[in-house]
Each structure stands twice: as C-alpha cells, then as structure tokens.
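Novice: Once you've had a glance at the structure underneath, I'll fire off some questions.
The values are calculated or read from the model by the stated rules, or taken from the named source; none is laboratory data. Since we're looking at a predicted model, the values are computed, not measured. Positions of Cβ are backbone-derived with ideal geometry, glycine not excepted, and every protein chain shown enters the neighbour counts. With ligands, DNA and RNA removed, areas are computed over all heavy atoms of the protein, side chains included. Shrake-Rupley method; radii C 1.70, N 1.55, O 1.52, S 1.80 Å.
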Amino acid sequence: MSASAARAAFDQGKTKEGQAEFNREPLLTAWKPSQFRDFDPPPDFMLAGDCHFTRGNIAVIAGAPGVGKSRAAIGLALAGATGKPWMGLDIHSKFRTLVIQVENGEFRMKGEFTEIGEPEGIELDDWLRVTPPPPFGMDFLDVEFQEDVRELIKEFKPGLLVVDPWNRVAGDDNVRSYKAAIEAIMSCLPSDSTERPAIAIIHHLRKRGAISQKKHGRDLLAELAGSYSIGSVARSVFAIEPASTDTEDDRVVVTCCKNNDGSEGEPTAWHRTNGLFKH
C-alpha cells in the first residue's frame, strides 16, 4: 500500500473525536546505526551485476525507438532463468520475470520466442510471464489494474518486474505525472521487502536536435526523457545506442550511466539479432 493509500485508510478509521479506531502500521520508522550494521539482506537481494538490479529498487533500460530495449528486457529474463550473464553482468541469483507490456502483440511475441527457442536445461514457462497488450492500456493509476498486477505478482512471485514502456504509464513528461506513476507501481509490490521484485522500466532517450552534441558515459543520464524525475528515482540506468546511423548496422553499445550502489562498469558492444543480443 502506498503512503497516500495508507493515510486515506487511516483517516477513514477515525472517530468523531479524531481518535483512530484501529492500530495502524507506522508510515515512518527510524533505525539506529547498529540496526543498519546488523541488517542481513536476503540471499537473493542482488540479482545481477554490481547491484545493478536489486530487489525493491528501480533500474531503467533506455534507448531510441527500435534499438532493442524490449529485447534486452527479455534477454535479462532469460539470464535470470539460466543464470548466464546479461550484457556482460553476472547473475547472482536465478529469478522469475514478469513483463507487463503494451506494445508487442501476440504475433510479434510468437516470432520472438520462436527465434529464442527453449534454453537448454530449463522450462522457460516456469520462469517467465509476458502480458499481451492490455485492452485498455497500462493504467497503473486505475485501482482495478493495480489489483490485477498485485495478483500476478502474488501468484507468480517474480524476482524482476519489467514495465514496458514508461511513456505508456506516465502520460506526460513532467514531474507530477512521473511521481504519480512511480508511486502507483510501487504500491503494487508486496509489503514484505524480501518478496518485492526488482523493477526494470523500459524508457526512451530524448529526441536530439540537429545541432545536439552526442554524449557519452555518465552524461547519457541527462538524455533520458524527463531525466530529472526518472533518473533521480532509479538506482541504475542503462542506455542502449546504435553504433551508427546505418540501417544495416546491427551493432549497439550498452552503457550503464548510473549505479548508485556499485560501479557502472565499462560500455559493451553487441549485435542485435532476431532473438537476442550477441557478441
């Protein structure tokens, strides 16, 4: 439950004298330094990389249209199922993935998974769920939609929740829309922190003008659409860029331009294929 929802429930439970009729869970607590030192994270807290994907936290995978962001997310799901690296990042804990997406229909996904096939040694059906485009879009602000998301998470217990794409969740590129969308997504997560999945948001880079200068490394963080809002809330951010403007060139460069809890690592280069990315 989000803070605003918890507050509303608390207000509804007051008597006329303003006294609460029930004991609510506090919205704010304070720990001693010793409690932080004694904190023992669950063994599957860190999913991939140097804290690039961790349970309960947000990561962003961004890029221009058609560069392969959704494909990269499916690749991350396969890495979670097989334990094999993703974009050069080690997988520390195998995990299930739930992809809530609105752009790729059944025909497109049939082609993707036919090309990918069945990874050796696993039943992919046990590790991955992908939504066909919901009939009314990805309305995380809708109470019934939130209930459906909570039910999917409760039933499947994913370690990673992918939201694809961000511009279909937050309708406007402004702080208020981004804040409301983030709060709505977070309100769908289990209250038990050990059961919360990591969140990967598929986003796009801002359109560059004719005279804009190409940026590299950490400077790519400023190229996120609505960069202040989404860039500040994410613990890690990846940018996927085409290696050239040649439409026949299938090479892409993946750069981690932010990682609050670890090192970003070096950029890596990949070939975009029909199924996944390859060296």
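Novice: Restricting to DSSP H runs of at least four residues, report the calculated mean residue ellipticity at 222 nm for the chain, -39500 (n - 2.57) per run over all residues, nearest 500 deg cm²/dmol. All intermediate terms of the calculation are to be shown ahead of the outcome.
Specialist: Working: 7 runs with 74 residues, N = 279.
Helices in the chain give a 222 nm mean residue ellipticity of -8000 deg cm²/dmol.
Novice: Additional query: Please check: in the Gaussian network model of the chain (C-alpha springs, under 10 Å), which one of Trp86, Trp127, Trp31 has the largest mean-square fluctuation.
Specialist: The residue that fluctuates most here is Trp31.
Novice: Nearest 20 debye, what's the magnitude of the dipole of segment 144-261 about its Cα centre given +1 on Lys and Arg Cβ and -1 on Asp and Glu Cβ?
Specialist: Values: 16 positive and 19 negative charges, 112 e Å.
Its charge dipole is roughly 540 debye.
Novice: Please find the FRET efficiency linking Glu123 to Arg176, where r is the Cβ-Cβ separation and R0 is fixed at 41 Å, and quote it to the nearest 0.05.
Specialist: Working: r = 43 Å, r/R0 = 1.06.
Once rounded, the FRET efficiency stands at 0.40.
Novice: Starting from the amide H of Arg251, placed 1.01 Å from N in the peptide plane, find each other amide H under 5 Å away whose residue is 5 or more places distant or on another chain.
Specialist: Result for Arg251 returns Ala243, Arg272.
Novice: Roughly how many debye, to the nearest 20, is the charge dipole of the chain about its Cα centre, given +1 on each Lys and Arg Cβ, -1 on each Asp and Glu Cβ, and no other charges?
Specialist: Numbers: 33 positive and 41 negative charges, 168 e Å.
Result for the chain is approximately 800 debye, rounded to the nearest 20.
Novice: Working out 0.36 nm times the residue gap between Asn274 and Asn167, then minus their Cα-Cα distance, what length gain in nm do you get to one decimal?
Specialist: Details: separation 107, 0.36 × 107 = 38.52 nm, distance 2.44 nm.
Using 0.36 nm per residue and subtracting the Cα-Cα distance, I get 36.1 nm.
Novice: Quick check: the angle from helix 69-82's long axis to the longest principal axis of the chain, C-alpha only, nearest 10 degrees?
Specialist: That helix lies at roughly 80 degrees to the long axis.
Novice: If you fit an axis through the alpha-carbon atoms of helix 143-156 and take the longest principal axis of the Cα set of the chain, what angle between them do you get, 0 to 90°, nearest 10?
Specialist: 70 degrees
Novice: For segment 38-134, what is the accessible area per residue in Å², given a 1.4 Å probe and the full set of protein chains?
Specialist: Numbers: 4550 Å² over 97 residues.
On a per-residue basis, 47 Å².
Novice: Could you give the length gained by full extension between Thr29 and Glu195, i.e. 0.36 nm per residue of separation minus their alpha carbon distance, to one decimal place? Please list the in-between numbers first.
Specialist: Details: separation 166, 0.36 × 166 = 59.76 nm, distance 1.99 nm.
Contour length minus the Cα-Cα distance gives 57.8 nm.
Novice: Which Cα, out of Leu160, Val130, Phe140, lies furthest along the positive dipole direction of segment 130-193 (beta carbon charges, K/R +1, D/E -1)?
Specialist: The Cα lying farthest towards the positive end belongs to Leu160.
Novice: Extending each Cα 7 Å along its Cβ direction at Glu103 and Val143, get the distance between those two points in nm, one decimal.
Specialist: Result for the modelled spin labels: 3.2 nm.
Novice: Still on this structure, please answer the following. Per-residue counts of other Cβ atoms within 10 Å, averaged by peptide: what ranking do you get for 264-274, 64-74, highest first? Don't skip to the end; give the middle numbers.
Specialist: On the way: 264-274: 14.9, 64-74: 19.7.
Most protected by this proxy first, the peptides run 64-74, 264-274.
Novice: OK, next. Hey, of (1) 116, 42, 32; (2) 53, 52, 42; (3) 71, 50, 46, which did the structure itself give for Cα extents along the principal axes in Å when calculated?
Specialist: Step by step, Cα extents along the principal axes in Å for this structure corresponds to label (3).
Novice: Of all accessible surface on the chain at a 1.4 Å probe, what whole percent is carbon and sulfur? Each step should come with its number before you reach the end.
Specialist: Details: 8080 of 15980 Å².
Ligands and nucleic acids excluded, carbon and sulfur give 51 percent.
Novice: Under 10 Å, Cα contacts only: if you run a Gaussian network model on the chain, which one of Ala184, Ala81, Ala30 comes out with the highest mean-square fluctuation?
Specialist: Ala30
Novice: Separate question: With the chain treated as a Gaussian network of Cα nodes joined by springs under 10 Å, which of Arg206, Arg37, Arg55 yields the largest mean-square fluctuation?
Specialist: Arg37
Novice: Go through Lys84/Lys258; Lys94/Lys278; Lys110/Lys258 and tell me which ones have a Cα-Cα distance over 27 Å in this structure. Write down the numbers at each step before the final one.
Specialist: Values: Lys84/Lys258 23 Å; Lys94/Lys278 21 Å; Lys110/Lys258 33 Å.
Violating the 27 Å Cα-Cα cut-off are Lys110/Lys258.
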